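*Asks:* Structure below; questions to follow.
The values are calculated or read from the model by the stated rules, or taken from the named source; none is laboratory data. Here the structure is a predicted model, which means the values were calculated and not measured. Please note: Cβ atoms are built from the backbone with ideal geometry, for glycine as well, and neighbour counts cover all protein chains shown. Note: accessible area is taken over every heavy atom of the protein model, side chains too, but ligands, DNA and RNA are not part of it. Shrake-Rupley method; radii C 1.70, N 1.55, O 1.52, S 1.80 Å.
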Amino acid sequence: MQSSLTPFRVAVIGGGPAGLMAAQTLAQGGAQVDLYDAMPSVGRKFLLAGRSGMNITHAEAYADFVTRYGAGAARLKPMLDAFGPRDVREFVHGLGLETFVGTSGRVFPTDMKAAPLLRAWLHRLRESGVRFHQRHRWLGWRDDGALRFAVSGGAVARDGQGGGSAIA
């Protein structure tokens, strides 16, 4: 049965891995998602991190894995319980990429590169309706609740309904 409710619209600020995962989760939940990033392309630091080999997680026993977070382990454990190292591997496999465990116990995509993983992820996001807005540096909120962004040639406000207007 289809709902007659209009899907809610969400803006995600930042196109790093956390922003991409937030956009994916929101889109899977039925939201219309607009992702804004100040850079000309999303995932730039993700690509840099993967230049020397894309270590995505560790393959040791979960109890040992949690201890890697030291003093923060107790605080982070509920989040790791919800999305842990096995989930990370399943996420990568779901994008159509295989992984392997290195001699160090670290897990890598088979081709050892970040770019194919990012391309597959962005393809999935676009197919789920996520709209990307690059070169939009967030400036804060306008008095009427619109998001304010610096863009080339000035500034723009986004009203949450996908509309924009120039700001004088």
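*Asks:* So which pairs qualify, if the first residue must be in segment 72-100 and touching a residue at least 12 places away in the same chain (Cβ under 8 Å), the second must be β-branched (Val, Ile, Thr) and exposed (fewer than 15 other Cβ atoms within 10 Å of the Cβ), the Cβ gap must be under 9 Å, and the two must be at least 6 apart or on different chains?
*Replies:* LEU97/THR110; GLU98/THR110; THR99/THR110
*Asks:* Tell me yes or no: at least one residue of segment 22-32 is in a strand (DSSP E or B), among the aliphatic types (A, V, I, L, M), out of contact with any Cys (no Cβ under 7 Å at 6 or more places or on another chain) and at pLDDT 95 or above. Talk me through it step by step, then tell me what you get.
*Replies:* Filtering segment 22-32 down to residues in a strand (DSSP E or B) leaves 32.
Retained after the next criterion (residues that are among the aliphatic types (A, V, I, L, M)): none.
Within segment 22-32, not a single residue is in a strand (DSSP E or B), among the aliphatic types (A, V, I, L, M), out of contact with any Cys (no Cβ under 7 Å at 6 or more places or on another chain) and at pLDDT 95 or above.
*Asks:* Check ALA114 against each of (1) open to solvent by less than 40 Å² (accessible area, probe 1.4 Å); (2) in contact with a strand residue (DSSP E or B) (Cβ under 8 Å, 6 or more places away or on another chain); (3) not basic (Lys, Arg) and name the one condition it does not meet.
*Replies:* (2)
*Asks:* Answer with yes or no whether THR57 is β-branched (Val, Ile, Thr) and open to solvent by 80 Å² or more (accessible area, probe 1.4 Å). Let's see the steps before the verdict.
*Replies:* Numbers: β-branched (Val, Ile, Thr): yes; open to solvent by 80 Å² or more (accessible area, probe 1.4 Å): no.
When the stated conditions are applied, THR57 does not pass them.
*Asks:* Collect the residues in segment 25-63 that are under 15 Å from LEU125 (Cβ atoms) and of a type in the set (D, E, K, R), keeping them in residue-number order.
*Replies:* Within segment 25-63, ASP34, ASP37 meet the criteria.
*Asks:* Next question, about the same structure. Is it the case, given these coordinates, that VAL151 is without any contact (Cβ under 8 Å) to a residue 60 or more places away in the chain, surrounded by 14 or more Cβ atoms within 10 Å (Cβ to Cβ) and in contact with a Phe, Trp or Tyr (Cβ under 8 Å, 6 or more places away or on another chain)?
*Replies:* Details: without any contact (Cβ under 8 Å) to a residue 60 or more places away in the chain: yes; surrounded by 14 or more Cβ atoms within 10 Å (Cβ to Cβ): yes; in contact with a Phe, Trp or Tyr (Cβ under 8 Å, 6 or more places away or on another chain): no.
Here the answer is no, as VAL151 does not meet what is asked.
*Asks:* Ok, one more. One residue is enough: does segment 148-168 have a residue meeting the conditions at pLDDT below 95, among the basic types (Lys, Arg) and closer than 22 Å to VAL10 by Cβ? Steps first, please.
*Replies:* Here is the first cut: in segment 148-168, the residues at pLDDT below 95 are 148-168.
Now drop any that are not among the basic types (Lys, Arg), which leaves 148, 158.
Subsequent filtering for residues that are closer than 22 Å to VAL10 by Cβ retains 148, 158.
Looking through segment 148-168, at least one residue is at pLDDT below 95, among the basic types (Lys, Arg) and closer than 22 Å to VAL10 by Cβ.
*Asks:* Considering each residue of segment 39-54, count those that are buried (at least 16 other Cβ atoms within 10 Å of the Cβ) and in contact with a strand residue (DSSP E or B) (Cβ under 8 Å, 6 or more places away or on another chain), and give that number.
*Replies:* Going through segment 39-54 one residue at a time, the tally reaches 2.
*Asks:* Now for a different question. For segment 75-105: of the residues being among the hydrophobic types (A, V, I, L, M, F, W, C) and in contact with a helix residue (DSSP H, G or I) (Cβ under 9 Å, 6 or more places away or on another chain), which is surrounded by the most Cβ atoms within 10 Å (Cβ to Cβ)? Lay out the reasoning, then the answer.
*Replies:* Just the residues of segment 75-105 that are among the hydrophobic types (A, V, I, L, M, F, W, C), to begin with: 76, 79-80, 82-83, 88, 91-92, 95, 97, 100-101.
Keeping just the survivors that are in contact with a helix residue (DSSP H, G or I) (Cβ under 9 Å, 6 or more places away or on another chain) gives 76, 80, 83, 91-92, 95, 97.
Numbers: LEU76: 13, LEU80: 16, PHE83: 13, PHE91: 17, VAL92: 22, LEU95: 16, LEU97: 19.
Among those residues, the one meeting the criterion is VAL92.
*Asks:* If I filter segment 40-49 for residues that are at pLDDT below 95 and at positive phi, do I get at least one hit?
*Replies:* Scanning segment 40-49, I find at least one residue that is at pLDDT below 95 and at positive phi, so the answer is yes.
*Asks:* Is it the case that TYR36 is under 21 Å from the mean Cα position of the chain (by Cα), of a type in the set (Phe, Trp, Tyr) and either surrounded by 18 or more Cβ atoms within 10 Å (Cβ to Cβ) or farther than 30 Å from ARG158 by Cα (or both)? Give the steps one after another, and end with the answer.
*Replies:* Values: under 21 Å from the mean Cα position of the chain (by Cα): yes; of a type in the set (Phe, Trp, Tyr): yes; either surrounded by 18 or more Cβ atoms within 10 Å (Cβ to Cβ) or farther than 30 Å from ARG158 by Cα (or both): yes.
Here the answer is yes, as TYR36 does meet what is asked.
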